[in-house]
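Visitor: I'd like to ask some things about the structure below.
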Amino acid sequence: MPQLAERLSTEPVAAIYCSDLRRTVQTARTVSDKLQGHQIVPVKELRERHLGVLEGLTRSQAALQYPNDFANLSGAPDAKPQGGESQSEVGARVISSVERIASQHPGQTILLILHGGVLHACHRHAVGHEFKGKSINCAINVVKIQDQKWAVISWNDAKHLSNTGFMTSAFGGGGEGG
């Protein structure tokens, strides 16, 4: 996403981390190229929630083939689909990883390229509740972490995406995707 890379080009980024999954690595590469080639550090613990038997299915396929498991996706924090992770498990995995990364860069600005569910876990940890609204892909979320205390500075900032058509496309805001 070149708009994201351009928006971040003036930030004093010390390091770039992302999950080891293709989508975040590709976005991290685009941003890294604009920031003069920062090394990208893929971190397995920053992956999106593992959905077990629901992996790879559309929402309608999952609801039809595994109705109980599908219902568990938005159920209690400890509910999980067969072979998958609960929201609580994802949160514990992600928060531990983000805090470890932050501790390696005290006082520095680090860039984390994350998946939507991972961002929701970070928001929930920082403010104590779910983010109300749609997380926009390639939006910027600023969180200050100091001594394991999290403070949201800004969330879901997508000014750099205005006038791109991205906000109304399937992956930016409307439709089924994103």
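Visitor: Output the 0 to 90 degree angle, nearest 10, between the alpha-carbon long axis of helix 22-34 and the longest principal axis computed from the alpha carbons of the chain.
Guide: It is inclined by approximately 10 degrees.
Visitor: Ordering S60, S154 by how much accessible area each has at a 1.4 Å probe, largest first, what is the list?
Guide: S60, S154
Visitor: Using a 1.4 angstrom probe on the protein heavy atoms only, could you order I40, I153 from most to least accessible area?
Guide: I153, I40
Visitor: Looking at the P(r) of region 23-134, how many percent of alpha-carbon pairs lie beyond 23 Å?
Guide: Above the 23 Å cut-off, region 23-134 has 38 percent of its Cα pairs.
Visitor: While we're here: Can you tell me the orientation of helix 116-127 relative to the chain, as the angle in degrees between its alpha-carbon axis and the longest Cα principal axis, to the nearest 10?
Guide: 80
Visitor: Let me ask something additional. Cα convex hull of region 7-46: mean projected area in nm², to one decimal?
Guide: Mean projected area for region 7-46: 2.7 nm², to one decimal.
Visitor: Send over a whole-number figure in Å² for the accessible area per residue of region 28-170, probe 1.4 Å.
Guide: 57
Visitor: Probe radius 1.4 Å, ligands and nucleic acids ignored: give me the carbon and sulfur share of the accessible area of the chain as a rounded percent.
Guide: For the chain, the apolar C and S fraction of the accessible surface comes to 51 percent.
Visitor: What value does region 72-159 have for Rg/Rh, both radii from Cα atoms and Rh as Kirkwood defines it?
Guide: Answer for region 72-159: 0.97.
Visitor: Now a separate question. Hey, what number do you get for the chain at 222 nm if only DSSP H runs of n ≥ 4 count, each worth -39500 (n - 2.57), divided across all residues, to the nearest 500?
Guide: Result for the chain: -10500 deg cm²/dmol, rounded to the nearest 500.
The values are calculated or read from the model by the stated rules, or taken from the named source; none is laboratory data. If you're wondering where the values come from, they're calculated on a predicted model, not measured in any experiment. These area figures cover heavy atoms from the full protein model, side chains too; ligands, DNA and RNA do not enter into them. Shrake-Rupley method; radii C 1.70, N 1.55, O 1.52, S 1.80 Å.
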